1. What number of residues in region 43-86 are closer than 20 Å to residue 117 by Cα, part of a loop (DSSP other than H, G, I, E, B) and either touching a strand residue (DSSP E or B) at 6+ places or on another chain (Cβ under 7 Å) or in contact (Cβ under 8 Å) with a residue 12 or more places away in the chain (or both)?
2. Go through (1) closer than 20 Å to residue 150 by Cβ; (2) in contact with a helix residue (DSSP H, G or I) (Cβ under 6 Å, 6 or more places away or on another chain); (3) assigned to a loop (DSSP other than H, G, I, E, B) and name the single condition residue 8 misses.
3. Out of (1) closer than 24 Å to residue 170 by Cβ; (2) in contact with a helix residue (DSSP H, G or I) (Cβ under 8 Å, 6 or more places away or on another chain); (3) in contact (Cβ under 8 Å) with a residue 24 or more places away in the chain, the odd one out for residue 20 is which?
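Throughout, read-outs are computed from the coordinates displayed, never taken from laboratory work. Every value quoted in this text rests on a predicted model; they were computed, and no experiment measured them. With ideal geometry, Cβ positions are generated from the backbone for all residues, glycine too; neighbour counts draw on all protein chains shown.
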């Protein structure tokens with residue numbers, strides 16, 4: 001199917017008002033819509049490189065991907081100080097963005113979510129309700145291949161400072177990712193409460209279970225010439241599941257809202 005500029009603009013409008021999404025949960029399972037990603041990708045082919053500089057901030061990009069414009073009617077708090085939100089990203093009423101942050105095309109951020117300073121949210125990442133993404137966290141993005149699942153952070157999760165969540169990782173409802181934790185598709189996740197590694201989903205992606213509390217850890221090298229020499233590999237570890245004490249630690253101050 002040939003993708004026209006009009007078709008592209010209609011999809012961008014749908015992404016920005018939240019009626020279209022790159023992925024959504026259907027019958028308890030996340031489903032990706034590659035046709036939406038294909039249309040986003042077509043925008044790079046349809047666009048022309050242009051000067052879109054704003055004051056003292058020069059930048060040059062395809063004219064199909066300017067920064068998003070907001071008004072008070074959108075009910076999104078975007079605190080001044082250098083944040084950039086690309087077109088095709090959705091921010092629900094009640095979400096908050098602290099400076100400087102960057103949110104890419106296709107990203108979906110639901111109501112009540114706080115995006116803290118120096119946070120990057122990559123293309124097509126799906127962020128749920130009432131989430132705190134703490135300072136300097138990196139949420140990975142994916143446009144290609146079109147069928148690839150983006151990073152998904154479900155409702156009520158907490159992402160600590162300096163975290164990196166990449167390559168289609170799914171963080172389920174209410175999970176807490178401690179500061180400095182990095183999770184990729186090649187990172188095994190160990191559940192210390194069960195004494196075993198968490199199985200990957202059918203697509204081979206890491207799934208952080210509902211309510212899990214994850215911190216940085218390590219695992220010894222047990223195979224090959226380095227086995228038994230006291231060397232370890234990085235490994236995120238589930239140390240417990242969320243309880244009232246955890247809720248008090250990661251709760252957002254309502255006064256900030």
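1. 9
2. (3)
3. If we test residue 20 against (1) closer than 24 Å to residue 170 by Cβ; (2) in contact with a helix residue (DSSP H, G or I) (Cβ under 8 Å, 6 or more places away or on another chain); (3) in contact (Cβ under 8 Å) with a residue 24 or more places away in the chain, just (3) comes out false.
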